[in-house]
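This report concerns only the one structure given below.
The values are calculated or read from the model by the stated rules, or taken from the named source; none is laboratory data. Because the structure is predicted, anything quoted here is derived from the model rather than measured. Methodologically, a virtual Cβ is constructed for each residue, glycine included, from the backbone with ideal geometry; neighbour enumeration extends over all protein chains shown. The protein model used for the area step is the full one, side chains on, heavy atoms only, and it has no ligands, DNA or RNA in it. Shrake-Rupley method; radii C 1.70, N 1.55, O 1.52, S 1.80 Å.
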Amino acid sequence: MKIKTLVAVLLLSGGVTSTFAQSDCNANSSISHEAVRAKNYKDAYAPCMAVLKDCPTLRYYTYTDAQKILVGLMSQIKDRNSAEYKKLFDELMTVHDQKMKYIPEFATKMKGVPSVASALGTKAVDYLQYAPAPDVNQAYAWLKESAETAKGESDGAVLHYFIDVSMQKVKANTNHTDQFFQDYINASQYADDAIAAENNPKKKAVLQTIKDNLVAMFVNSGVADCESLQNIYGPKVEENKSDSAFLKKTITILKMMKCNESEAYFKASDYLYRVNPSADAAVGVAYMYYKKGDYDTAVKYFDEALGMETDNAKKAEMAYATAAALWQAKKLSQARTYAQKAISFNENYGEPYILLAQMYGSSPNWSDEPALNRCTYFVVIDKLQRAKAVDPSVTDKVNELIRTYAAHTPQAKDLFMLGYKAGDRITIGGWIGESTTIR
């Protein structure tokens, strides 16, 4: 009986201890949380750490509170090499690790908990910002794992630092250049995915700013000019001419940097077309022949690209490129057909209208009367006005062209002698065959 009684007493004692511990955790949690809200990090520290030690899964916000407390306390220490600063920093990293450990459990009980991958990215960002002497390679490994796992759910700061650290690695060792390009492509795609998935206009705008910053970082990296890319990828294209994955990556990078007149771009496109014909490869081959002056062959490949592509925006760009090639070949009627195709694929694309205007402006003569020939410029201006109406991004370019072409329109007195006045409709003859209003 004595043994049974002792066991019962011990069990009861354990239950009471557990209850008291839970009560202490709730009290400490309340005290620390209120202190954090008041930014009183000194008084928040001890109770918050006690909660994490005794009741690590009590509340998720205890971890975010702990991060604020430790960062707040570190910010008050000027010497990052001091023992106190290093102690707080180590605790900050431990808090991140503990949070990642318990995230799966929190996720079963509440909504809005970030993934372990996202939490790893947050740890990496704090590491870079607060470590006394951050190891770039360690930070890069964490950021890469976080971004490539979380993908479109990555925090903007994680994507920013991912590319920033990757860029630092390039500057330290150019052997990292290929990986830097791939990191940028991945991060850029993750940002695009996040933008596409976001319905809140304000949040979408923030995500777009993040994407724009990634582009700026890449462009200003110092390793992304066309000459450098040619030097990097030129030899590698020959070495990997049967590797479709490598060729696709190369074409993507060169197109992104507008290096589609480089020999590496042409060769990568040509080899990819042979190994695995695609719309992008056909466009590259088309540009290659276009540069050589073989416009008929260029158009052949542009047509093949149009047939393989399914994205209307890309088809519009391909049709526009075909129209430009045909214009260079002085095949004006065919060029107009492809410019009109481009518009049919994307009615908000201003460049095809500008190209039509330039084609008409380059061939204004259709009558024996000089004043009537000058009426062609009214049609030219019509096209330019339409371009900026559908595509505001071309407004500055269009306004400059309008000023130029407006100087060539006929004078009212010359048209009056021919029986025309402002407001009359006139049909421009020849290959143009469009009507316009005299003004």
At a Förster distance of 22 Å, what's the computed FRET efficiency of ASN348 paired with ASP396, Cβ-Cβ distance as r, to 0.05?
0.80
Entries of LYS42/LYS87; LYS258/LYS331; LYS255/LYS314; LYS258/LYS291; LYS111/LYS204 with Cα pairs more than 18 Å apart:
LYS258/LYS331; LYS111/LYS204
So how much slack lies between GLU238 and ASN40, counting 0.36 nm per residue of separation and subtracting their Cα-Cα distance, in nm?
65.0 nm
Give the distance, in whole Å, between the Cα centre of the range 263-301 and the Cα centre of the range 101-129.
46
Cysteines (scope the chain) whose Cβ has no counterpart Cys Cβ under 4.7 Å
CYS48, CYS375
Proximal aspartates and glutamates to LYS211, defined as alpha-carbon separation beneath 15 angstrom and excluding residues fewer than eight positions away on the same chain
GLU153, ASP155, ASP164, ASP183, ASP192, ASP193, GLU198
Calculated FRET value between ASP135 and TYR61, using beta carbons and R₀ = 30 Å, to 0.05:
0.50
Just checking my list [x] 22; [y] 47; [z] 16 against percent of Cα pairs over 39 Å apart computed from this structure; which label fits?
[y]
Contact order relative to length for the range 347-438, counting C-alpha pairs under 8 Å separated by 6 or more residues, stands in percent at 30
Positive end of the dipole of the chain, charges at C-beta (+1 Lys, Arg; -1 Asp, Glu), about the Cα centre: which of ILE381, ASN199, SER269 has its Cα farthest in that direction?
ASN199
Where does helix 61-74 land angle-wise versus the long Cα axis of the chain, in degrees 0 to 90, nearest 10?
90
Quick one: accessible area per residue over the range 21-112, 1.4 Å probe, rounded to a whole number of Å²?
56
Among all the lysines, which ones have a C-alpha under 21 Å from LYS171's C-alpha, if same-chain residues fewer than 8 places away are not counted?
LYS144, LYS236
Give me the distance in nm between label points sitting 7 Å out from Cα along the Cα-to-Cβ direction at SER367 and ALA313, one decimal.
4.3
Would you kindly state how much longer the chain becomes between LYS330 and THR149 on full extension, computed as 0.36 nm times their sequence separation minus their alpha carbon distance, in nm to one decimal?
60.0 nm
Give me D for the range 21-112 in µm² s⁻¹, whole number, from Stokes-Einstein with Rh from the Kirkwood sum over alpha-carbon pairs, 10 °C and 1.306 mPa s.
118
On the protein heavy atoms, probe 1.4 angstrom, tell me the percent of accessible surface of the chain carried by carbon and sulfur.
52
Stretch gain in nm, segment ALA27-VAL215, where the contour uses 0.36 nm per residue and the Cα spacing is subtracted
62.9 nm
